[in-house]
Structure formats: structure tokens, C-alpha cells
Amino acid sequence: MREALRAYRSLTDEQRQIIKQRVVTIERPAAEAIALLRGIAECDAAVANTRRSAGCSIGAVIVVALVSIFLIVGIPFIGIPLFLLCIGGVIPAIRLYRWAGTVDVSDNLRNTAMPVLAVLRDDLDPQQPLKLTLDLRQPTAQEKLKEQKPEEKIGGAKIRDTLYEDAWISADAALVDGSRLRWSVTDTVRARRKSYKSRSGKYKTKTKIARKSDIEVQLTVRGKSYAVAGGEKKETRQARRVVKTAGGSLDPGELLAPIAELFAGVQPAGGTP
């Protein structure tokens, strides 16, 4: 738990401001942009672990508190101190859980964006600014709500789908060979809430997340470096890919694949691919 606080305190004022704003545009040399975001991603990893631990602690304390209430009736000299101990323990855990929620950014940053930037880093022109527009709010933030479908009854269960639209990244980068690379990802996130009666007679509710990522990539190459059709000075090629995943963030390889395909389709000037 201290790890998250230590990681947050180590951030610069600019990094903390990015976490606070959540929707930001960064335009600076690639190395600086990556270093700036790396600190936020590392902090987010620590915060996620802390929030998970705090949530588990809250659940455990609540169970013990319920037991202590029963003990108060029969064994008050044990039940009362135990109940008070639970109250004293759950309050800091709740505060920590809430604080972690205020600084917890979308996992897309550390799970997708940072690995992609790490792979592309050596190809990015160090003298030219890398422009990144990021939406670091959670994919199911209320602001991203697209549609809430009517509840349906299927096989004895009540199901309601809620759709969110998460256009979480767009990038514009100059490469060392003079090319220009642009990419964006827009996710359609479906949160399916299922309520049903279990065999034990208890009602349960589960929510499952599914994601459809619309990836768009654009590559502009220069005639000085690549064979451009018609002898033009430059040529632009585009690629689009739709990827469906269950739950977690987009695999960075799914974003890198169309980028690699576009480069594989161009021929170096005066040579062969």
C-alpha cells in the first residue's frame, strides 16, 4: 500500500496534472513523451495493486465484523473489542481505496500504449515532436456511455447490455526515414450485467466486459526513401483492423501488426523490400 503512495509522490507536477485531467494532448520529442508517460504508467501499476489489496481488506474486515456482532451477544468481552478493531481497520482501508480510485487511470496506457511506444521508439525521429492525444478515463466512465439497451430475459436470467465508446488514443509521429505514421484506436466496450437465481436459491449478479477495438493506421512515405507510384514526392497508405477481446486491454501486437503490414507493402527507393 505504501508503494502506491511512494510512486504517486515521486511524480512531477506535470504528471500529476495529467492524471487529474485524464484527457490530454502531449506534443514533444519522443524520448521526453515516453519518459513522461512511463512514470504515470508505473504509478498506475502500483495504484492498481493497492486498490485491489484495499478492496480485499475491506471485504475481509466486513466478514470479521459480522462475526463479531454475533459474538457480542454470547461473548461480549471478545465480540466488542473485535468489532471496534474492525471499525478502526476498515476506515483507513476505505480511504485508501477511494484515494486509489481518484488516481487510477485506464489500463490501456500501461498495457497497450507503452509497449507500442517502446517498440517504435528507435524508429521515431528524436528531433521531431511526437503528438499523442490520450483519454485516460476508465473505459466504462459515465462520460463514455453510448447506449443502454433494455433488459432482456434469457434462460431465466435478466441481462442488460450497456455500451461505451472509448476513443482513447490518437498519435502522429515523424520517423527517422522521413515517413509519417499516424494511428488511432477507438474501443466499443460492452458491459453485460447478468442477474440470476443460483441453485442455492440466492440471487447473484455478474458483469462481464467485452471489447471491440477499431484500429486505424496511416503511413505517409517520401519518394526520397521509398518507391512512390507515379513519381510523386510522397504516398499515403492506410490500414484498418477490428479486434474483439474479452475483458482486458488490447494486445499491443494487434496495433503493431497493421503498422508492420504497411511498411511491408512499400519498396525502398532503388531496391527491393
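The values are calculated or read from the model by the stated rules, or taken from the named source; none is laboratory data. What you see is a predicted model, and the numbers here were worked out from it, not measured in a lab. In this analysis, Cβ positions are derived from the backbone assuming ideal geometry, glycine residues included, and neighbour counts consider all displayed protein chains.
Here's a check for you: in segment 196-214, which residue that is in contact (Cβ under 8 Å) with a residue 12 or more places away in the chain and loosely packed, with under 14 Cβ neighbours inside 10 Å is farthest from K149 (Cα to Cα)?
Looking at the filtered set, the residue picked out is K197.
Identify, please: which residue in segment 20-53 is assigned to a strand (DSSP E or B) and over 18 Å from the mean Cα position of the chain (by Cα) and is, among those, farthest from W99 (Cα to Cα)?
Pass one, segment 20-53, residues assigned to a strand (DSSP E or B): 23-29.
Now restrict to residues that are over 18 Å from the mean Cα position of the chain (by Cα): 27-29.
Working: E27: 29, R28: 30, P29: 32 Å.
Checking each candidate, the answer is P29.
Give the residues of segment 110-164 that are charged (D, E, K, R), closer than 23 Å to A48 by Cβ and surrounded by 14 or more Cβ atoms within 10 Å (Cβ to Cβ), sorted by residue number.
Correct list: R110, D135, R137, K144.
Can you name every residue in segment 240-272 that is closer than 17 Å to S213 by Cα and either of a type in the set (D, E) or without any contact (Cβ under 8 Å) to a residue 24 or more places away in the chain (or both)?
D251, G253, E254, A257, listed by residue number.
Within segment 247-270, is there a residue that is assigned to a strand (DSSP E or B), under 18 Å from T133 (Cα atoms) and touching an Asp or Glu at 6+ places or on another chain (Cβ under 7 Å)?
No, because not a single residue in segment 247-270 is assigned to a strand (DSSP E or B), under 18 Å from T133 (Cα atoms) and touching an Asp or Glu at 6+ places or on another chain (Cβ under 7 Å).
Could you go through segment 54-70 and let me know if any residue there is within 21 Å of the chain's Cα centre (by Cα) and either small (G, A, S) or crowded, with 16+ Cβ neighbours inside 10 Å (or both).
Yes: one or more hits.
Could you list, in sequence order, all residues of segment 1-19 that are at pLDDT below 95 and part of a helix (DSSP H, G or I)?
Answer for segment 1-19, where residues must be at pLDDT below 95 and part of a helix (DSSP H, G or I): R2, E3, A4, L5, R6, A7, Y8, R9.
Regarding segment 218-237, can at least one residue be identified that is closer than 25 Å to T140 by Cβ, part of a strand (DSSP E or B) and in the same structural domain as P139 (by TED's automatic domain parsing)?
no
Give the residue, chosen from R22, R38, R95, R51, that is modelled with pLDDT of 80 or more and at positive phi.
Among R22, R38, R95, R51, only R22 is modelled with pLDDT of 80 or more and at positive phi.
Given the residues V217, V221, which is the only one that is touching a Pro at 6+ places or on another chain (Cβ under 6 Å), buried (at least 17 other Cβ atoms within 10 Å of the Cβ) and touching a residue at least 40 places away in the same chain (Cβ under 8 Å)? Explain how you work it out, then say what you get.
Details: V221 fails: touching a Pro at 6+ places or on another chain (Cβ under 6 Å).
One residue alone meets the criteria, V217.
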